[in-house]
Amino acid sequence: MEAMILAAGGGTRLRPLTDTIPKALVPVKGRPLLEWVMERVTGAGVGRVVVNICHHEEQIRRWVEARPAGGPEIALSPEPGGPYDTGGGLFAARHLFREPTAFLLHNVDVLSGIPLDGLWAAHAEEGAHLGAQLVASLAVQEREARRTLLFDEEGLMGWENQGSDRAPEGAHRVREPRGAVRRLSFTGIHVVEPRIFALSQRQRTFSIITLYLELAAEGFRILPVDVSAYPWIDVGTPERLAEAGKMVDTLE
């Protein structure tokens with residue numbers, strides 16, 4: 001199985017720490033974020049990992065080169081003039097995927113106790129009857145958040161942002177809801193079908209959520225997998241970094 005870790009971001013909210021090191025190598029209890037996430041994805045059965053790089057990319061290259069033998073195969077995907085955001089980064093790395101099967105996509109600044117093999121299994125179960133309609137399964141939670149995704153009985157159909165400094169305020173729906181609408185928070189962890197690469201001509205910088213919504217409007221299915229029962233944290237600020245150190249104690 002394959003995975004991609006999105007690690008090209010500049011980590012601006014973690015400055016001044018990220019002025020000198022990439023966000024991917026910010027330490028949590030003495031171990032880089034990238035190492036924590038790499039351990040999680042390989043623990044789910046991944047044997048090959050694609051990592052996109054941009055900000056202080058030479059440090060990540062050295063970290064990969066210094067890793068002991070016997071771990072997963074790692075392929076680096078540089079983003080000159082980037083970073084290209086979540087969708088652009090994925091599409092720029094498309095040539096590095098070797099298997100024609102669903103892959104895991106995981107933000108480098110996300111730590112959690114979410115069972116990744118369970119997410120994969122839930123995706124496979126839905127894919128067995130949805131076939132080519134299914135594009136991705138998103139790990140989501142019911143929790144307080146300024147930014148939420150909207151899902152109905154057929155999957156993703158919109159978003160809402162209230163007071164977030166990282167996205168425009170308001171709401172957007174790509175179609176009329178079918179059944180009850182749920183507001184769920186995305187965890188930055190998803191299982192994606194490789195067919196996604198043939199469904200869009202987008203290039204360079206764009207959000208994967210923007211693409212998901214475009215595909216949802218065309219009738220493709222992007223489904224939620226509720227993982228509210230598991231601990232999760234987005235290590236995006238110094239305050240969250242301090243919290244992450246406490247949370248990983250419960251995961252080890």
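No lab work stands behind these numbers, since they all come straight from the coordinates. Since the model is a prediction, treat every value here as computed from it, not as a measurement. Cβ sites come from the backbone with ideal geometry, for glycine too, and all protein chains shown count toward neighbours.
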### Query
To the nearest 10 degrees, how steeply does helix 208-217 sit against the main Cα axis of the chain, on a 0 to 90 scale?
10 degrees
### Query
What list do you get for Phe197, Phe206 if you sort them by fewest beta carbons within 10 Å?
Phe197, Phe206
### Task
Using only Cα atoms, locate the centre of segment 175-252 and the centre of segment 62-124, then give the distance between them in Å, rounded to an integer.
14 Å
### Task
Show that you can apply the helix-only estimate: for the chain, add -39,500 (n - 2.57) for every DSSP H stretch of four or more residues, divide by all residues, and state [θ] at 222 nm to the nearest 500.
-7500 deg cm²/dmol
### Task
Kindly put His129, His56, His190 in sequence by how many other C-beta atoms sit within 10 Å of each C-beta, fewest to most.
His129, His56, His190
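Kindly put Ile114, Ile74, Ile222 in sequence by how many other C-beta atoms sit within 10 Å of each C-beta, fewest to most. Display every interim value, and only then the final one.
On the way: Ile114 22, Ile74 17, Ile222 25.
Fewest-to-most Cβ neighbours within 10 Å comes out as Ile74, Ile114, Ile222.
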